[in-house]
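The values are calculated or read from the model by the stated rules, or taken from the named source; none is laboratory data. Predicted model only: the values in this text are computed from it and were never measured. Cβ sites come from the backbone with ideal geometry, for glycine too, and all protein chains shown count toward neighbours.
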Amino acid sequence: MSPSINHSYLCKQLILLIEKNQQWEACPELSLEVENGLIPDISVFPSGKLKPDFKLDAVKSKCLPELVIEIISPSQSIHDLMLKADKFLLAGIQQVWTLEPYGKLAYVSSDQGGDVKRAESLIFDTLQIDLNQLFSN
């Protein structure tokens, strides 16, 4: 399950876009205390909520993000990532975005159910990502 070039590029672009909104911060590849330590591609927290402790590090974060972003790589199936999204939601994470680069679309999962968005803006609270801009390269 190796991340692809598109996967890596989209992670970087999303983190840059998220960090422009000073109310949110994004962490890549953070192990969460969900199931046996599920690791989303990007975890999004309100600014200042996740605090590092440089004296006593932790392998898994007890502090859960409000938004999780997954990006499908060629070695992954959409089915597996949608099941993973359900696990995040059951743990109390408010929303999961699953991006599919080939089709340039995103699946938005929340406790209100899933919705497929095509080339639109993804919105979570004060955070807004324009898919047209994200996939414009």
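Observations
- Taking (1) free of Cβ contacts under 8 Å to residues at least 40 places away in the same chain; (2) not in a strand (DSSP E or B) in turn, Y107 satisfies each apart from (2).
- In segment 107-120, the qualifying residues are those that are under 21 Å from H7 (Cα atoms), in contact with a Phe, Trp or Tyr (Cβ under 9 Å, 6 or more places away or on another chain) and modelled with pLDDT under 85, and the one that is surrounded by the most Cβ atoms within 10 Å (Cβ to Cβ) is K117.
- When residues of segment 121-137 are limited to those that are part of a loop (DSSP other than H, G, I, E, B) and surrounded by 14 or more Cβ atoms within 10 Å (Cβ to Cβ), the one modelled with the highest pLDDT: D125
- Verdict on A58 being of a type in the set (G, A, S), farther than 17 Å from T126 by Cβ and either touching a strand residue (DSSP E or B) at 6+ places or on another chain (Cβ under 9 Å) or at pLDDT 95 or above (or both): no
- Criterion (out of contact with any Lys or Arg (no Cβ under 9 Å at 6 or more places or on another chain), surrounded by fewer than 19 Cβ atoms within 10 Å (Cβ to Cβ) and either of a type in the set (K, R) or within 23 Å of L10 (Cβ to Cβ) (or both)) met by exactly one of S73, S31: S73
- Pair list, Cβ < 7 Å and 6+ apart or interchain, from segment 55-80 residues that are in a loop (DSSP other than H, G, I, E, B) to residues that are polar (S, T, N, Q) and surrounded by 11 or more Cβ atoms within 10 Å (Cβ to Cβ): V59/S31; K60/S31; P65/S43; E66/Q94; I72/T98; S73/S4; P74/S4
- Residue satisfying all of: in segment 39-48; assigned to a loop (DSSP other than H, G, I, E, B) and modelled with pLDDT of 95 or more; nearest to W24 (Cα to Cα) among these: S47
- Those residues of segment 40-55 which are touching a strand residue (DSSP E or B) at 6+ places or on another chain (Cβ under 7 Å) and not polar (S, T, N, Q), in sequence order: P40, D41, I42, V44, F45, P46, L50
- Against the list (1) within 23 Å of L83 (Cα to Cα); (2) of a type in the set (V, I, T); (3) at pLDDT below 95, the condition I69 fails is (3).
- Residue check for A91: small (G, A, S) and at pLDDT 90 or above: yes
- Out of K55, K87, K60, K104, sole residue that is among the basic types (K, R) and loosely packed, with under 13 Cβ neighbours inside 10 Å: K55
- Residue ID - farthest from K104 (Cα to Cα), chosen from residues in segment 30-84 that are of a type in the set (D, E, K, R) and under 12 Å from the mean Cα position of the chain (by Cα): E66
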